[in-house]
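The values are calculated or read from the model by the stated rules, or taken from the named source; none is laboratory data. Remember, it's a predicted structure, so these values are computed and weren't measured experimentally. Here the Cβ positions follow ideal geometry from the backbone for every residue, glycine too, while neighbour counts run over all protein chains shown. For the accessible areas, the whole protein counts, side chains as well, though only heavy atoms, and no ligand, DNA or RNA atoms are used. Shrake-Rupley method; radii C 1.70, N 1.55, O 1.52, S 1.80 Å.
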Amino acid sequence: MADLKLGDIAPDFTAETTEGTISYHEWLGDSWGVLFSHPADFTPVCTTELGTAAKYKPEFDKRNVKMMAISVDDIDSHHEWVKDINETQNCVMNFPIIADPNKEIANLYGMMHPNASDKATVRSVFIVGPDKKIKLLLTYPASTGRNFDELLRVIDSLQLTANQQLATPANWNKGDKAVISPSVSDEEADKRFPGYEKVKPYLRLTDV
């Protein structure tokens with residue numbers, strides 16, 4: 001099982017998907033990526049997740065983020081499942097689902113957790129930057145569906161802080177004040193973040 005960590009290059013792969021054969025790094029291009037796994041096709045929580053993700057796609061598009069899902073079922077199963085997703089979730093599937101019946105990609109990304117199941121992936125989430133490095137890792141149990149508002153919130157934070165010496169505080173949402181990195185001196189902060197709030201020498205807040 002893979003032991004991927006934050007900052008590692010997301011493993012590249014070529015796979016059959018519901019939108020044709022895709023090479024992951026090439027497909028991502030200069031975009032951010034969300035790769036998320038599902039325990040199996042035709043399961044209730046997964047069906048709601050994929051339907052929700054399809055509805056949220058415009059929000060991911062605004063942030064230059066491409067979504068891709070994966071489970072260890074085959075491509076014919078995926079295509080049949082998509083019909084159910086569209087019907088029950090009142091949506092149109094609009095991003096690819098990887099077929100991984102041999103579990104090659106699931107194992108490459110460490111999505112198989114024997115303590116949970118040796119036959120199905122856990123609910124893994126990988127957020128990948130345009131540099132192809134892993135920016136976030138999340139693993140949910142099969143019984144808990146994901147919160148796509150939280151994924152968007154994290155992406156907003158990652159994109160804000162990627163090129164600025166800022167961090168985001170607890171429960172931060174886009175539009176809230178951010179934290180100025182301790183590596184930025186007060187003199188530099190005066191120039192870069194005029195009007196910032198100095199709560200403590202180590203806690204400085206600024207509008208962004």
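What about C46, is it of a type in the set (A, V, I, L, M, F, W, C) and in contact with a His (Cβ under 6 Å, 6 or more places away or on another chain)?
yes
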Given (1) farther than 21 Å from H25 by Cβ; (2) free of Cβ contacts under 8 Å to residues at least 60 places away in the same chain; (3) open to solvent by 20 Å² or more (accessible area, probe 1.4 Å), index of the condition K103 fails: (1)
Selection from segment 154-167 of residues that are out of contact with any Leu (no Cβ under 8 Å at 6 or more places or on another chain), open to solvent by less than 30 Å² (accessible area, probe 1.4 Å) and not small (G, A, S): I155, D156
Flag if L138 is open to solvent by 50 Å² or more (accessible area, probe 1.4 Å), modelled with pLDDT of 90 or more, hydrophobic (A, V, I, L, M, F, W, C) and within 13 Å of the chain's Cα centre (by Cα): yes
Meets criteria (more than 22 Å from P58 (Cα to Cα) and either open to solvent by less than 10 Å² (accessible area, probe 1.4 Å) or at pLDDT below 95 (or both)) for A120: yes
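Yes/no matrix, rows are residues, columns are (1) surrounded by 11 or more Cβ atoms within 10 Å (Cβ to Cβ); (2) assigned to a helix (DSSP H, G or I):
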position: R146; (1), (2): yes, no
position: P169; (1), (2): yes, no
position: K174; (1), (2): yes, no
position: E188; (1), (2): yes, yes
position: K191; (1), (2): no, yes
position: K198; (1), (2): yes, no
Qualifying strands (runs of 3 or more DSSP E) (wholly inside segment 1-85; at least 2 residues being more than 20 Å from M112 (Cα to Cα)): 20-23, 32-37, 65-71
Residues located in segment 62-92, provided they are open to solvent by 30 Å² or more (accessible area, probe 1.4 Å), touching a Gly at 6+ places or on another chain (Cβ under 8 Å), under 28 Å from K174 (Cβ atoms) and in contact (Cβ under 8 Å) with a residue 40 or more places away in the chain: Q89
